[in-house]
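*Asks:* A single structure is presented below for examination.
The values are calculated or read from the model by the stated rules, or taken from the named source; none is laboratory data. Remember, predicted model here, so these are calculated numbers, not experimental data. Here the Cβ positions follow ideal geometry from the backbone for every residue, glycine too, while neighbour counts run over all protein chains shown. What goes into the accessible areas is simple: the full protein's heavy atoms, side chains included, and nothing from ligands, DNA or RNA. Shrake-Rupley method; radii C 1.70, N 1.55, O 1.52, S 1.80 Å.
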Amino acid sequence: MSEHVLVINAGSSSLKYSLIDAGSGKAAGSGLVERIGEAEGRHLHRGPDGETSTDGKIDTHEDALRAALDAFETHGPSLDAVEVAAVGHRVVHGGSRFADPVLIDDELIDAVTALVPLAPLHNPANLEGMRVARRLFPELPQVAVFDTAFHQTLEPAAYTYAVPLAWRDDHDIRRYGFHGTSHAFVSAESARFLGRDPAGLNVIVLHLGNGCSAAAIRGGVSVDTSMGMTPLEGLVMGSRSGDLDPAIHAHLVRELGWTVEEVDHALNFDSGLKGLAGGNDFRELSTRVEAGDPVAQLAFDVYCHRIKKYVGAYYAVLGTVDAIVFTAGVGQNGADVRAASLGGLERLGIRIDAQRNDAAADGSRLVSADDSPVAVLVIPTNEEWQIAREALAVVGGS
Ligand code: ADP
């Protein structure tokens, strides 16, 4: 019998949910509640009969989850009929403490609360999701799956920032890395796709969505990753700057009189592609590039240049590379990004096949030439499935 897990991803004003068949990875039902606490909220539910959308005020995360339960009841699939085995929660920051998924109890809630200073934008919403789901499903085991957990294998040389010891010892300032659920899923899938034992495979994964990160994975183990203490570091993202000279922060405060909150907000929400070209949607950017818009072209070039730098860096970290894997919205769909960021790397054994790369296709696929020593793959990520499998493993399912 298949086992289902209700996967919950609570954001500050949104709640995503998916009822995942942990065997197949298919979502029997899913939905998104947006603009929680605003004047007009929206709830989109996908069930066996397609999509339904409801507009109306949704005050709290508890109301959002109740709306989800009502939608399962009204539009299906019935949660009673599928027998949910567990609830799996995506939790962004697990600090140094959590290298594995954990059963949620009061102690776990306290531990995640203690990590709020490391992830003030994310952990409070994740905590709210956990509290609400525990109230509404008191009988179901609930599991926290941390975005940082997969990267807890980084060696000190990779995770330590060159800052005073007291910062590191007293304030937990170090690289943690994020998107771990996606990097774990995609690297394992790439081994399966290539018919190789994951233990013998060196992979660079490029997760390019709204948030973007690269990871160097040796034998299924993360050895380096581009996001740092927070998800701001590394690649250029939809609205996050990625790497920049830390002195820019001080410059903005000193010369422009900005507050720390203003700087933080600008780097997280007004930078990246949005800062470079006015918008964070990559499809629109690509259309503007094709139309010859120089502002969009520069944004595209900065984005791809940063990816190329990380590919080179992680090639050096790994020593040998078997596969480079693109995933998430831009990675899976942006043939132009794949071509530009890996162009000119033939001497590293990386040869994209233009026809394969440009072919419109879904699903896992090879986009490098047959004679390319490094395989270049597109592997659709499925974080919900990974969370469902990990949650089920914790509660003793198959
Ligand atoms: P997240 O899960 O981080 O919110 P996604 O993985 O859904 O993000 O990726 C969102 C990004 O993918 C957006 O920039 C979007 O424009 C881009 N994207 C989606 N479809 C395409 C496409 N067909 N071509 C290029 N970019 C795309």
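*Asks:* Sequence gap at least 6, Cα distance under 8 Å: using those rules, report the relative contact order of the chain to the nearest whole percent.
*Replies:* Here the relative contact order equals 15 percent.
*Asks:* For the pair V116 and A166, what calculated FRET efficiency results from E = 1/(1 + (r/R0)^6), where r is the Cβ-Cβ distance and R0 = 25 Å, to the nearest 0.05?
*Replies:* E between A166 and V116, to the nearest 0.05, is 0.75.
*Asks:* Could you compute the net charge surrounding Q386? Neighbours are other residues with a C-beta less than 12 Å from the C-beta of Q386; K and R count +1, D and E count -1.
*Replies:* -3
*Asks:* At a probe radius of 1.4 Å, what is the per-residue accessible area of R90, in Å² to the nearest 10?
*Replies:* Rounded to the nearest 10, the figure is 60 Å².
*Asks:* Still on this structure: For a Förster distance of 35 Å, can you work out the FRET efficiency between the beta-carbons of H305 and V221, rounded to the nearest 0.05?
*Replies:* For H305 and V221, the calculated efficiency is 0.80.
*Asks:* On to the next question. Highest GNM mean-square fluctuation, the chain, Cα pairs closer than 10 Å: which of P164, P117, P141?
*Replies:* Highest fluctuation among the options: P164.
*Asks:* Separate question: Any lysines with Cα under 21 Å of the K26 Cα? List them, leaving off those in the same chain fewer than 8 positions away.
*Replies:* By straight Cα distance, K26 reaches K16.
*Asks:* I've got another one for you. Using only the Cα atoms of the chain, build the gyration tensor, take square roots of its eigenvalues as a ≥ b ≥ c, and label the shape rounded, prolate or oblate: rounded if a/c is under 1.5, else prolate if a/b is larger than b/c, else oblate.
*Replies:* rounded
*Asks:* Moving to a separate point now. Which shape class applies to the stretch 189-267: rounded if a/c is under 1.5, otherwise prolate when a/b exceeds b/c and oblate if not, where a ≥ b ≥ c are the square roots of the Cα gyration tensor eigenvalues?
*Replies:* Here the stretch 189-267 falls in the prolate category.
*Asks:* I want the local charge near G25. Using Cβ-Cβ distances under 15 Å, sum +1 for each Lys or Arg and -1 for each Asp or Glu among the other residues. Please list the in-between numbers first.
*Replies:* Details: positive: K26, R192, R389; negative: E3, D21, E189, D362, E383, E384, E390.
Computed value for this residue: -4.
*Asks:* What part of the accessible area of the stretch 38-151, given as a whole %, is carbon or sulfur when the probe is 1.4 angstrom? Present the calculation step by step, with values, prior to reporting the outcome.
*Replies:* Working: 2600 of 5240 Å².
The nonpolar share, carbon plus sulfur, comes to 50 percent.
*Asks:* If you don't mind, there's one more thing I want to ask. Between D80 and E346, what is the label-point separation in nm under the 7 Å Cα-to-beta-carbon projection?
*Replies:* About 6.6 nm, to one decimal.
*Asks:* For every helix of n ≥ 4 consecutive DSSP H residues, a contribution of -39,500 (n - 2.57) applies; sum these over the chain, divide by its total residues, and give [θ] at 222 nm rounded to the nearest 500 deg cm²/dmol.
*Replies:* Using -39500 (n - 2.57) per qualifying helix, the result is -12000 deg cm²/dmol.
*Asks:* So, one more: When the chain is modelled as a GNM with alpha-carbon springs shorter than 10 Å, which of I109, I20, I307 fluctuates the most?
*Replies:* Residue with maximal mean-square fluctuation among I109, I20, I307: I109.
*Asks:* Could you give me the ³J(HN,Hα) list for the stretch 211-227, computed from phi with Karplus coefficients 6.51, -1.76, 1.60 and θ = phi - 60°, whole Hz, x at Gly and Pro?
*Replies:* Per residue, the Karplus-derived 3J(HN,Hα) values read x, 10, 8, 10, 9, 9, 10, 10, x, x, 10, 5, 10, 6, 7, 8, 6 Hz.
*Asks:* Please work out the average accessible area per residue across the chain, using the 1.4 Å probe convention, and give it in Å².
*Replies:* Counting only protein heavy atoms, the per-residue value for the chain is 45 Å².
*Asks:* Right, here's the next one. Using a 1.4 angstrom probe with every protein chain in place, what is the largest-first accessible-area order of K26, K16? Don't jump to the answer; show the numbers that get you there.
*Replies:* On the way: K26 140, K16 100 Å².
Greatest to least solvent exposure: K26, K16.
*Asks:* Moving on to the next point. So, in nm, how far is label Q297 from label H265 when the simple model puts each one 7 Å beyond its Cα toward the Cβ?
*Replies:* 3.5 nm
*Asks:* Can you give the local net charge around A247? Use residues other than it whose beta-carbon is closer than 14 angstrom to its beta-carbon, Lys and Arg +1, Asp and Glu -1.
*Replies:* That works out to -2.
*Asks:* Identify, among A67, L273, L377, the residue whose Cα sits farthest towards the positive end of the charge dipole of the chain, taking +1 on the Cβ of Lys and Arg and -1 on the Cβ of Asp and Glu, with the dipole about the Cα centre.
*Replies:* L377
*Asks:* The stretch 227-277 to the stretch 61-93: how many Å between their Cα centroids?
*Replies:* 36 Å
*Asks:* Counting only protein heavy atoms and a 1.4 Å probe, tell me what percentage of the stretch 259-398's accessible area is made up of carbon and sulfur.
*Replies:* The value for the stretch 259-398 is 52 percent carbon and sulfur by accessible area.
*Asks:* Additional query: Counting Lys and Arg as +1 and Asp and Glu as -1, each charge on the Cβ, what is the dipole of the stretch 227-302 about the Cα centre in debye, to the nearest 20? It would help to have the intermediate numbers written out before the result.
*Replies:* Working: 5 positive and 13 negative charges, 17 e Å.
Using Cβ point charges on Lys, Arg, Asp and Glu, the stretch 227-302 gives about 80 debye.
*Asks:* Can you pull the accessible area of D105 for me, 1.4 Å probe, Å² to the nearest 10?
*Replies:* 70 Å²
*Asks:* Given axes a ≥ b ≥ c from the Cα gyration tensor, I'd like to know whether the stretch 96-212 is rounded (a/c under 1.5), prolate (a/b larger than b/c) or oblate. Don't skip to the answer; put the middle values down first.
*Replies:* Values: a/c = 2.15, a/b = 1.18, b/c = 1.83.
The shape class here is oblate.
*Asks:* Okay, moving on. With a 1.4 Å probe and all protein chains kept in place, how do L377, L244, L136 rank by accessible area, largest first?
*Replies:* L244, L136, L377
*Asks:* Sequence neighbours fewer than 8 away in the same chain don't count; with that in mind, list the lysines whose C-alpha is under 24 Å from K308.
*Replies:* Counting by Cα, and skipping residues close in sequence, K308 has these lysines nearby: K274.
*Asks:* Another question, then. If the elastic network links every pair of Cα atoms under 10 Å, which of R347, R131, R192 fluctuates the most in the Gaussian network model of the chain?
*Replies:* Residue with maximal mean-square fluctuation among R347, R131, R192: R347.
*Asks:* Along the Cα→Cβ direction, 7 angstrom out, place labels at E40 and R365. What is the inter-label distance in nm?
*Replies:* So the two model labels end up 3.9 nm from each other.
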